[in-house]
Structures are given as C-alpha cells and as structure tokens.
Amino acid sequence: MPELPEVETVRRGLEAKLIGATIADVSVRDRRLRWPVAEDFERRVVGSRVERIERRSKYLLFRLTRAGPNDVPITAGTLLAHLGMTGSFIVHEAGAAPELRTHDHLEFQLVRSGSALPLTLLRYNDPRRFGSMHYFGGEDSAQPLLAHLGPEPLTDAFTGEHLYEQTRRRTGPIKQALMDNGLVVGVGNIYANESLFRAGIHPARAANRISLARYERLAREVKTILNEAIAAGGSTLKDFVNASGEPGYFQLDYFVYGREGEVCKVCASPLKHMRHGGRATVLCSVCQR
DNA sequence: CCGACAACCTGTGAGC
DNA sequence: TGCTCACAGGTTGTCG
C-alpha cells in the first residue's frame, strides 16, 4: 500500500500524537512479520520516550530517549518500522479504543509524563505481514536495511543530473530504474507510473537512452507528484489509512495507474498496459515516448 | 554491475 | 454459492 507520500502522512500523524509520550508497555501478538520481531524487542523499547519520528525511504524511525542523571534525556536507540504492502499504524485515544482486529500484531501503550493515565494505544495491523519491526542502538548507517538507500527524492540531493549519471550503464526500462531504491528511494509502482506519464517518458525506454534534459524534467515531476500526494494525505486504493484511521484522496488524480482499458485524460488515446518486473505498468503511447 | 524472477503472506475480485 | 486463479501499494535474495 504505502509509498513515500503515505508513509510521510502516517509519520506526520504519529508525530502529532506521540511525541513526548513514554512507551509503558508493548504486547507483540504475532512475531511473524517480514522478519520475526526480536524476542527482546519489548524489553528494549519499554520505558523509552518518543523524542522524534523521522522517515527514511519508506521506513519510519522512532527516535527514543531515556531519562538519564538529573532527568537529562539520553539517546536510547531507534524503533525502525516498515509498513510493507498492507501495514498500518493507528493511534487510539485512551478508553475509546475499539476491539482488537485480526492482524493487529503489536500494541504499544503510551503514557504522558506527569500522569500515569490516560493511556494512548498505538496498534500495528498488517494482514500480509510484509512489514517489519526492529529496534537498534547506534548509527543508522550500521543498519543493513538503511545502509544502501539512494537519496531522498524531496531533497536537493535528488536531481536530473543524479539520475542521468547513475543510469549510464543501465539498459533496462526506466520504470524499473526509478523503482530501484539504490537510485532514489520512495518511488513505488503508483508514483513511478504517474511521474513517467507527467514527464512524457515511455516506461519501457532504456534508462541509458534518456537525455539529461528529460531526466531533469522527470526529477521535477517526481518531486511535484510526491508533494501533491502528501498534501492530499496520500492515496487510498484499498486499505491505506493515516494514524487516525482516515483514508487519503490522491488516487482521484491519477493519470494512468489503475486506468488500463480507459483513455488518456490528456489526448483521449486508449491507455496501454504492460508489465515490468512483474508489476503493472499503464501508459499513453502518444503522450509518452 | 545489471536484470529477471521467486519468495515472503493474506485478501479480493473476476470468471466459470 | 463456491471453487480457482490472477493480482495487489514492497523488499530481499538468488541466479544467469
């Protein structure tokens, strides 16, 4: 489900609700995620305070601290979470939480300093269990899952020049290159389809046969579409919800994704359908060359 | 290094 | 109604 805009939407929601709260307890109802939740996960995070919530690629990083001498907070470590295809984090107000659902795999109980009550509940639900939950101390760069990621698309490090330089030896389709986390992170199947349409580039075009000028256009379109999607609260195709359990609306603005069999919104030509790396690609062969 | 593919899971919708 | 099949937003690992 979630690509960068959806994860960023969740991050903002969690940040608004959880910063400054302390994890009083964690219950892991099912350890079987993408990787098994470590046996010492609960012991490592309980008692920590949520200092910041950051995003790197599609990972959420909960930066945790503990009370040191004289109540000075000291860095404790990072809770690293990924939503996979179907993961969701939902925060429930104390006393107003619904029954646990199927696939609610973890539940965090959080408290505000100064009062033991009320409790806030943070639930992680993930039907397909492609998501993950880790705890680590130390530097991000020492984490295998974070060590080899390319630049964030919404930073100045991501440019058309970067794309151009990094694709000189790539003869495969640009669409697959764009979805390669070593080249740029956060662009999944939906936004790869959409940004290529907006940039007028055919998804099957060999990555090393695209000019610098066209890559500059593509980098701009990627930034624009991700920002627009974040502003719309992400896309809800099926089951994406933010930290309050509400859907996003950006899917209403798709030009091509999921529109196979329909016509191009720009030129009215029938959209075409193909597959790259097992993923559905939709394009307009008139608008995209 | 690059690229294709299977694998990890459950749920859903289409077609018969 | 019920069965089977294809497919779904992500990422890793293996193999050629």
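What follows is calculated from the coordinates using simple rules that are stated; it is not laboratory data. Predicted model only: the values in this text are computed from it and were never measured. Positions of Cβ are backbone-derived with ideal geometry, glycine not excepted, and every protein chain shown enters the neighbour counts.
Values for this structure:
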{"item": "Tilt relative to chain A, helix A:4-18 - C-alpha long axis, 0 to 90 degrees, to 10", "result": "20"}
{"item": "Kirkwood Rh and Cα Rg combined as Rg over Rh, evaluated for chain A", "result": "1.02"}
{"item": "Cα-Cα over 25 Å, subset of A:Lys58/A:Lys238; A:Lys58/A:Lys265; A:Lys58/A:Lys272; A:Lys238/A:Lys265", "result": "A:Lys58/A:Lys265; A:Lys58/A:Lys272"}
{"item": "Angle between chain A longest axis and helix A:212-231 axis [Cα atoms, degrees, rounded to 10]", "result": "40"}
{"item": "Difference of contour (0.36 nm per residue) and Cα-Cα distance, A:Lys265 to A:Asp30", "result": "80.1 nm"}
{"item": "For the stretch A:1-76, diffusion coefficient by Stokes-Einstein and Kirkwood Rh (Cα), 25 °C, 0.890 mPa s, µm²/s", "result": "177"}
{"item": "Charge context of A:Val282, other residues only, Cβ under 10 angstrom, K/R +1, D/E -1", "result": "-1"}
{"item": "Degrees, to the nearest 10: A:189-199 long Cα axis against longest axis of chain A", "result": "40"}
{"item": "Rg(Cα)/(2.2 N^0.38 Å) for the stretch A:90-174, N = residue count", "result": "1.72"}
{"item": "At most 12 other Cβ within 10 Å, DSSP loop - trypsin sites (Lys or Arg not before Pro), the stretch A:81-150", "result": "A:Arg101"}
{"item": "Chain A: calculated mean residue ellipticity at 222 nm from DSSP helix runs of at least 4, using -39500 (n - 2.57)", "result": "-6500 deg cm²/dmol"}
{"item": "Cut-off under 5 Å, modelled amide H: who pairs with A:Arg31 long-range", "result": "none"}
{"item": "For the stretch A:221-289 and the stretch A:22-69, distance of Cα centres in Å", "result": "33"}
{"item": "For the stretch A:99-203: relative contact order, % (alpha-carbon pairs under 8 angstrom, 6 or more apart)", "result": "18"}
